[in-house]
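A.B. asks: The structure's right below; bear with me while I get my questions together.
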Amino acid sequence: MIINGLCADYGSRFCPCILAVTGGCVVCSQVNGKAFCDCKASGGICIKQELLRNGGKAKPGRLTYECEVISVIHYDGLVFLRVKVPISLEREVKRPGGFVFVRRKDAASWYDVPISVQFEEMMVGSIGMTLLFRGVKTNQFKDLAEGDTLLLRGPFNNGLLGLQHLEAQQSSRCLILTKGIGLLPSVSAVRYLQSRHNETELYVDEGNFSPSILKFQLDLFELPFKPLTLLDDDGELSTPAKHVIRRFVADGGSLIHVGASEYVIHQVAAYLHYIGNRHVKLSACNNARMCCGEGVCGACTETTADRRVIHHCKEQVKIK
C-alpha cells in the first residue's frame, strides 16, 4: 500500500477538521508540527492558512438529519430503503464512494451504521440504501416501515479507493469485478461510469452470498452482468478471471474497479503488475471498519512500518 497523502475532505467545507487541530492532518505537514511544507495537495488550498483564518479551530463537522423513510422493500435478509433527504445532502453524496451513517431515531449514537448510497434522484431529494441484517446494529432496521424517521449523519465520500481514477473516466472502457456483498457499494460506481458515457462490463461472483439477493440488486438497478468465479480452490485468482483481465488490458481498457475483499483486491492488483500493466487504473471498495467517520475514534486506523497513522475513513491510498 502506498500513501497518497490525499484526503477525501481536503478543500471541502469540513476542512480543516479536528485532525489538523490535533496534529494529525492527512495532507499538511506544517500543522502537524514540521518546519517546512511538503504537502501533496494540488487543489491550491493551504490548510495551515485556512486553520489560521478560522482562529486555530476546526470547521464544524457533519450534521445529523432527521429523514423520513418513503419506501421500504424487504427481501431475504435485507431491506432496501428510499429516504427523503435535504437537497444539499443529496448533492454531496451523489458521487461514487458517498455514504452516510444511519440509525433509528430512538437509538443511541453508537448504533450508527455506515451505509453506501446506491441510488439518487437528483433534485427530488431522496437517496437509496441497502442494509443487510448481520448483527446488533443492523437488526435495528428489521421492522422499519414507510413513514418512520431515521437519523442520517453525513455526507462522507471515502467509500471507494482510487476515486481520482474513477472520476477521470469519460467515454472509455471500464471493467467491474465484484464478489458477494462487494456488489452493493459498487452500484454507485457502475452508475456513475455509465452516466459519463463509459462502456462498462460487470462480472459478479456470488461467493458465499445469497444468489437471490444479488439478483434482486442487479434487477433493481437494471445492471446487465456476467457470472465469474474470481478465486480458484487454492485461493488464487482463477484462470477465467485472469483471462478476462488480460483481455481487457490488451483491448485498451482504461479502469478496473474491484468490489470485493481486501484479499481479492490485492490479487487483482498483483496480477496487473505481473502482466506488466502500465495504463489500466485501479479503483476498489474501501473495506475499512468505520465508527465515527471523522478520523477520531481510531476504528479504521492503520500504522505503517514508519509509524505513519492512516485514517482509512478519510485518506485515499493507492492499492498495491
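The values are calculated or read from the model by the stated rules, or taken from the named source; none is laboratory data. What you see is a predicted model; the values in this text were computed from it and never measured. Cβ placement follows ideal geometry from the backbone for every residue including glycine, while neighbour counts extend to all protein chains displayed. SASA here: full protein model, heavy atoms, side chains in, ligands and nucleic acids out. Shrake-Rupley method; radii C 1.70, N 1.55, O 1.52, S 1.80 Å.
A.B. asks: Heavy-atom accessible area per residue, segment 4-114, 1.4 Å probe: how many Å²?
C.D. replies: On the way: 5640 Å² over 111 residues.
Result: 51 Å² of accessible area for each residue.
A.B. asks: To continue, here is another question. Mind checking which of LEU255, PHE216, LEU231 is farthest towards the positive end of segment 157-260's charge dipole, using Cβ charges of +1 (Lys, Arg) and -1 (Asp, Glu) about the Cα centre?
C.D. replies: The Cα lying farthest towards the positive end belongs to LEU255.
A.B. asks: Also, quick follow-up: What percentages, rounded to whole numbers, describe P(r) for the chain computed over all alpha carbon pairs with 10 Å bin width beginning at zero?
C.D. replies: Calculated over all Cα pairs of the chain, the distribution is 6, 25, 33, 25, 10, 1 percent.
A.B. asks: How large is the charge dipole for the chain, taken about the Cα centre, if only the Cβ atoms of Lys, Arg (+1) and Asp, Glu (-1) carry charge, to the nearest 20 debye?
C.D. replies: Working: 37 positive and 32 negative charges, 218 e Å.
It works out to roughly 1040 debye.
A.B. asks: Quick one: length gained pulling HIS197 to ILE87 fully straight, 0.36 nm per residue minus the C-alpha distance?
C.D. replies: Numbers: separation 110, 0.36 × 110 = 39.60 nm, distance 2.50 nm.
Stretched out fully, the HIS197 to ILE87 stretch lengthens by 37.1 nm.
A.B. asks: Here's something else I'd like to know. Tell me whether segment 122-217 comes out rounded, prolate or oblate; compute the Cα gyration tensor, take square roots of the eigenvalues as a ≥ b ≥ c, and use a/c under 1.5 as the rounded threshold. Could the numbers behind the result be given before it?
C.D. replies: Numbers: a/c = 2.16, a/b = 1.40, b/c = 1.54.
The shape class here is oblate.
A.B. asks: What list of ³J(HN,Hα) values in whole Hz, one per residue of segment 178-185 in order, does the Karplus curve 6.51 cos²θ - 1.76 cosθ + 1.60 (θ = phi - 60°) give from phi, with Gly and Pro shown as x?
C.D. replies: Once θ is set to phi - 60°, the couplings for segment 178-185 become 10, 9, x, 5, x, 5, 4, x Hz.
A.B. asks: Could you state how much accessible area ILE73 has, in square angstrom rounded to the nearest 10, with a 1.4 Å probe and all protein chains kept in place?
C.D. replies: 60
A.B. asks: While we're here: With θ set to phi - 60° and the Karplus curve 6.51 cos²θ - 1.76 cosθ + 1.60, what are the ³J(HN,Hα) couplings of segment 232-240 in order, to the nearest whole Hz, using x for Gly and Pro?
C.D. replies: For segment 232-240, the Karplus-derived couplings read 8, 5, 8, x, 9, 4, 5, 4, x Hz, x marking Gly and Pro.
A.B. asks: Go through GLU90, GLU199 and list them by solvent-accessible area, largest first, probe radius 1.4 Å.
C.D. replies: Numbers: GLU90 0, GLU199 110 Å².
Solvent-accessible surface, decreasing: GLU199, GLU90.
A.B. asks: Rg(Cα) of segment 143-285 divided by 2.2 N^0.38 Å? Intermediate results must be reported in sequence, preceding the final value.
C.D. replies: Details: Rg = 15.9 Å, N = 143, 2.2 N^0.38 = 14.5 Å.
Rg over 2.2 N^0.38 Å, computed on Cα atoms: 1.09.
A.B. asks: Around TYR75, which amide H atoms from residues at least 5 apart in sequence, or from another chain, sit under 5 Å from its own amide H, with H modelled in the peptide plane?
C.D. replies: Answer set, sorted by chain and number: PHE80.
A.B. asks: Now for a different question. Can you pull a Stokes-Einstein diffusion coefficient for segment 35-187 at 37 °C (0.692 mPa s), Rh from Kirkwood over Cα pairs, as a whole number of µm²/s? Before the final figure, lay out each step's value.
C.D. replies: Numbers: Rh = 17.6 Å.
The diffusion coefficient I find is 187 µm²/s.
A.B. asks: So if we plug the beta-carbon distance of ILE18 and ALA108 into 1/(1 + (r/R0)^6) with R0 = 25 Å, what FRET efficiency do we get, rounded to 0.05? Don't skip to the end; give the middle numbers.
C.D. replies: Values: r = 22 Å, r/R0 = 0.86.
Plugging the Cβ-Cβ distance into 1/(1 + (r/R0)^6) gives 0.70.
A.B. asks: Over segment 122-211, what percent of the accessible surface lies on carbon and sulfur atoms, probe 1.4 Å?
C.D. replies: Working: 1690 of 3430 Å².
Summing carbon and sulfur atoms, their accessible area is 49 percent of the total for segment 122-211.
A.B. asks: How big, in percent, is the set of alpha carbon pairs in segment 1-105 lying more than 23 Å apart?
C.D. replies: On the way: 2426 of 5460 pairs.
Pairs farther apart than 23 Å: 44 percent.
A.B. asks: Which order do ASP232, ASP306 take by accessible area at a 1.4 Å probe, largest first? Show your work: numbers first, answer last.
C.D. replies: Numbers: ASP232 60, ASP306 120 Å².
Largest accessible area first, the list is ASP306, ASP232.
A.B. asks: Rounded to the nearest 500, what is the 222 nm mean residue ellipticity of the chain from helices alone, with -39500 (n - 2.57) per DSSP H run of 4+ residues and division by all residues? It would help to have the intermediate numbers written out before the result.
C.D. replies: Values: 9 runs with 74 residues, N = 320.
Taking each H run of at least 4 residues, the total per residue is -6500 deg cm²/dmol.
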